[in-house]
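Everything below concerns the one structure shown next.
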Protein chains: 2
Amino acid sequence: MSDLPRSVRITEEGPREGFQIATVPVPTADKIALIDALSATGVSRIQVASFVSPKRVPGWADADAVVAGFTPRAGVAYTALWFNPQGLQRALAFKDRLSVYGSITVAASEAFSLRNLNRDRAGQLAAMRENVAEHLAAGVAVNRVSVQAAFGCNFQGEITPAQAVGAVADAMALAAGTGCAIERISLADTMGWANPLLVERVVGEVRSRWPGQAVSLHLHDTRGLGIANALAGLRMGVAEYDAAVGGAGGCPFAGHPGAPGNIATEELVLLCEEMGIATGVDVDALIAAGHLAEKILGRTLPSALLRGGSLTAFRAKARAA
Amino acid sequence: MSDLPRSVRITEEGPREGFQIATVPVPTADKIALIDALSATGVSRIQVASFVSPKRVPGWADADAVVAGFTPRAGVAYTALWFNPQGLQRALAFKDRLSVYGSITVAASEAFSLRNLNRDRAGQLAAMRENVAEHLAAGVAVNRVSVQAAFGCNFQGEITPAQAVGAVADAMALAAGTGCAIERISLADTMGWANPLLVERVVGEVRSRWPGQAVSLHLHDTRGLGIANALAGLRMGVAEYDAAVGGAGGCPFAGHPGAPGNIATEELVLLCEEMGIATGVDVDALIAAGHLAEKILGRTLPSALLRGGSLTAFRAKARAA
């Protein structure tokens, strides 16, 4: 296991992912309370909101109020999501508290592109070309490539490593043509199709073709393989992961309502810390934030660790005995 | 990943594990219905009942009726659990339908031995010596060594690889002294303390010390790392796993009620099959059995795959499109 990283950087996406599919209206103050609780856990980045159309994602109609209301903590970067110039402008209004940068986002699946991005892959690349121009005009760097449905698709079926790499290549070519200095490539298992061998293959091909790029994994636990897929990523040296406290979230357009969403941050932290990989996160504080998220969302989240509890108290009791 | 086995043998423990901690009384006919449904999934072994004291485990007061009632299917081995001569005699009454063999069961944790086995480790070895004699006197082979709490303990804390190997060695010495030909060593993460590196270390030491033995893993998903730990086992070439449909079960004496129990069989099957490792199991039939188990137990089981659904239908739809 010589490729295991010494430390990983986790982006906590629980607020953005969890509230976008909340089945009950969540008060703005509760969203802020969860973000503030997460700020105290030691995670290095938190995605706090989505600047999207309230018609499309009603759960984020109060994105501006949420971003205005949380208490930034030194050492934590706060990010948000947007898909159009209006969203970018809303984010820029908070550039004192948000880390604002652009992404070139594409899907490896034509069918998912049509459903989730409302355009085919060619149309999405054209839209991204405009998007990049808008960011650069606003003085915002575009430094990230993000590929959705990189491991499979509920609407298209298998996505081969060549298709995933092809989607990255399209986005990298667009970046090169527009003078963007890309720093990381994010691969998303949007619908839970990945398995550990596939993660190794796709990550391996991406790393060997773009050795200067950091690779980031955005994994969903739709079918129970999420943490095993993260382990495969760790074995490939991947040191950046998205995750959501409690396993909140899931894509509203993925076609399996009720299925678990992102891998649970606390389970990823436990996996890493038990293997000696530093996360900087206090797993018990994160578990407490997960219980807060359950209270706010009014439902039991899928994380096993929220039920089983960490090893900390058991270890302390055993030492004291 | 060159050590991945080509195929694995899964022992389905959902009936035995799930019903021992059922919070509602489960009718005997429902237990039989679940066993019969599992028989049709392709699993090679099913642990159907526990011949234990009804006072200690009321959920198995009807073990004899359950074993008498299910419909054996050719090619499936049916096993049961017992801890004393009375239990062995109850099992032997069904030797036409049960695969009856003995195990030398010990715990790697002194504290867990006292709680779960009612004896310290030395006392358990003495009891196992008697137990072996009883089995041999009844003409029943003792061919398996089983170590509980092999990766950690809620009551004792860390279990080192040396302690786990020491527990195996104690049991193997007892086997040698009593003329038992042991065929497999089962390592149980009874309370969900394992992590992938620890699995690799313990399995590696056991394999190198007893190279002729098959190793079997009994993993719990208490803290969300169960499937990642199974992946670590697969990478070490381990080809035998216990699992429970839906992730039913959990040790009633482990000290964390409500936590997930065994790894979910259907998630283990998906992990293997997606990586090209044959299980012989129809994952969709198993998911259907999981939904039946939820109906019978009157609760949602922890398996993510029961919520997310398999990839089969999505693949078929994609091919047809």
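So what's the gap between the Cα centers of the stretch A:150-168 and the stretch B:131-182, to the nearest angstrom?
The stretch A:150-168 and the stretch B:131-182 have Cα centres separated by 47 Å.
In whole angstrom, how far apart do the alpha carbon centroids of the stretch B:67-98 and the stretch A:43-84 sit?
Centre-to-centre distance over Cα atoms comes out at 58 Å.
Kindly provide the Kirkwood hydrodynamic radius of the stretch A:1-85 in Å, to one decimal, from all pairs of distinct alpha carbon atoms.
Answer for the stretch A:1-85: a Kirkwood hydrodynamic radius of 13.6 Å.
Bins of 5 Å, beginning at zero and ending with the bin holding the largest distance: percent of Cα pairs per bin for the stretch B:109-185, please.
That works out to 3, 15, 26, 24, 17, 10, 4, 1, in percent per bin.
Taking the alpha-carbon set of the stretch B:27-71, what are its Rg and Dmax in Å?
Cα-based Rg and Dmax for the stretch B:27-71 come out at 10.9, 34 Å.
Tell me the relative contact order for chain B as a rounded percent, counting alpha carbon contacts under 8 Å between residues six or more apart.
Rounded, it is 21 percent for chain B.
Which whole-number percent is the relative contact order of the stretch A:182-256 (Cα, under 8 Å, 6+ apart)?
Result for the stretch A:182-256 is 39 percent.
Identify, among A:Gly102, A:Ser53, A:Ala91, the residue whose Cα sits farthest towards the positive end of the charge dipole of the stretch A:22-105, taking +1 on the Cβ of Lys and Arg and -1 on the Cβ of Asp and Glu, with the dipole about the Cα centre.
The one lying farthest along the dipole's positive direction is A:Gly102.
Which log10 I(q)/I(0) values does the protein assembly as shown give at q = 0.05, 0.08 Å⁻¹ under the Debye formula, counting every alpha carbon as one identical point scatterer?
The Cα Debye sum returns log10 ratios of -0.23, -0.58.
May I ask you to work out the translational diffusion coefficient for the stretch B:168-292 at 10 °C, viscosity 1.306 mPa s, via Stokes-Einstein with Rh from the Kirkwood sum over Cα pairs, reported in whole µm²/s?
Approximately 103 µm²/s, per Stokes-Einstein.
Given label points at 7 Å from Cα along Cα→Cβ, what nm distances, shortest first, separate B:Lys95 from the same residue in every other copy?
8.3
Report the closest approach of any chain B C-beta to the axis of the B-to-A rotation: residue and distance, in whole angstrom.
Checking which Cβ lies nearest the axis yields B:Ala228, 2.
Expressed as a whole percentage, what fraction of the accessible surface of the protein assembly as shown belongs to carbon and sulfur atoms when a 1.4 Å probe is rolled over the protein heavy atoms?
Summing carbon and sulfur atoms, their accessible area is 53 percent of the total for the protein assembly as shown.
Using a label point 7 Å beyond Cα on the Cα-Cβ vector, give me the inter-copy distances for A:Asn84 in nanometres, one decimal, shortest first.
7.3
Over the stretch B:190-229, with the other protein chains present, what is the accessible area per residue in square angstrom, probe 1.4 angstrom?
27 Å²
Could you work out Rg/(2.2 N^0.38 Å) for the stretch A:9-320, with Rg from alpha carbons only?
0.95
Summing -39500 (n - 2.57) over the DSSP H runs of n ≥ 4 in the protein assembly as shown and dividing by its residue number, what mean residue ellipticity at 222 nm do you reach, to the nearest 500 deg cm²/dmol?
It comes out at -12500 deg cm²/dmol, rounded to the nearest 500.
At a probe radius of 1.4 Å, figure out the A/B buried accessible area, summed over both chains, and give it in Å² to the nearest 100.
Accessible area lost upon association: around 3400 Å².
Shortest first and in nm to one decimal, what separations exist between A:Gly166 and its copies in the other chains, measuring from label points 7 Å along the Cα-to-beta-carbon line?
5.8
The values are calculated or read from the model by the stated rules, or taken from the named source; none is laboratory data. What you see is a predicted model, and the numbers here were worked out from it, not measured in a lab. Note: ideal-geometry Cβ built from the backbone for every residue, glycine included; neighbour counts use all protein chains shown. Quick note on the areas: whole protein, heavy atoms, side chains included, nothing else; ligands and nucleic acids left out. Shrake-Rupley method; radii C 1.70, N 1.55, O 1.52, S 1.80 Å.
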